[in-house]
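Every number here is computed from the coordinates shown, using simple stated rules; none is lab data. What you see is a predicted model, and the numbers here were worked out from it, not measured in a lab. Using ideal geometry, Cβ is built from the backbone for each residue, glycine included, and neighbour counts are taken over all protein chains shown.
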Amino acid sequence: MRSHPYSLMFRHARLAQGVSVRSFACQLGVSAAFLSRIENGVRQPSPETLSKLIEIAEVPLTELYLKARFKS
């Protein structure tokens with residue numbers, strides 16, 4: 001399965017904040033296992049979860065677009 005270009009971006013953002021998978025998942029309202037699958041590119045987040053990830057991880061939307069190879 002091909003990972004998403006932005007999957008590791010969320011892991012790096014979480015680690016930069018010094019937050020555990022379990023704590024970050026709790027903030028998102030998902031299981032730690034599901035968050036791990038997102039970070040590993042195994043699962044895609046729903047639009048709602050993606051929106052929460054962007055907010056909690058404090059990832060600029062422009063960075064997400066660049067990682068996903070969208071043009072602004």
Note, ³J(HN,Hα) from phi for the stretch 33-47, Karplus 6.51, -1.76, 1.60, rounded to Hz, x at Gly and Pro
5, 5, 4, 4, 5, 5, 5, 8, x, 7, 10, 9, x, 5, x
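About the Cα centre of the stretch 7-67, how large is the charge dipole given +1 on each Lys and Arg Cβ and -1 on each Asp and Glu Cβ? Please answer in debye to the nearest 20. Before the final figure, lay out each step's value.
Numbers: 7 positive and 5 negative charges, 47 e Å.
In total the dipole reaches around 220 debye.
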Positive end of the dipole of the chain, charges at C-beta (+1 Lys, Arg; -1 Asp, Glu), about the Cα centre: which of 20, 4, 49 has its Cα farthest in that direction?
4
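Can you tell me the length gained on complete extension of the stretch residue 15 to residue 33, counting 0.36 nm per residue apart and subtracting the Cα distance?
Numbers: separation 18, 0.36 × 18 = 6.48 nm, distance 1.63 nm.
Stretched fully, the residue 15-residue 33 segment lengthens by 4.9 nm.
In deg cm²/dmol, rounded to 500, what helix-only [θ] at 222 nm does the chain give when every DSSP H run of at least 4 residues adds -39500 (n - 2.57) and the total is split over its residues?
Values: 5 runs with 44 residues, N = 72.
-17000 deg cm²/dmol, from helical runs alone.
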Where q = 0.23, 0.24, 0.27 Å⁻¹, what log10 of I(q)/I(0) comes from the Debye formula for the chain, counting one point per Cα?
-1.04, -1.14, -1.43
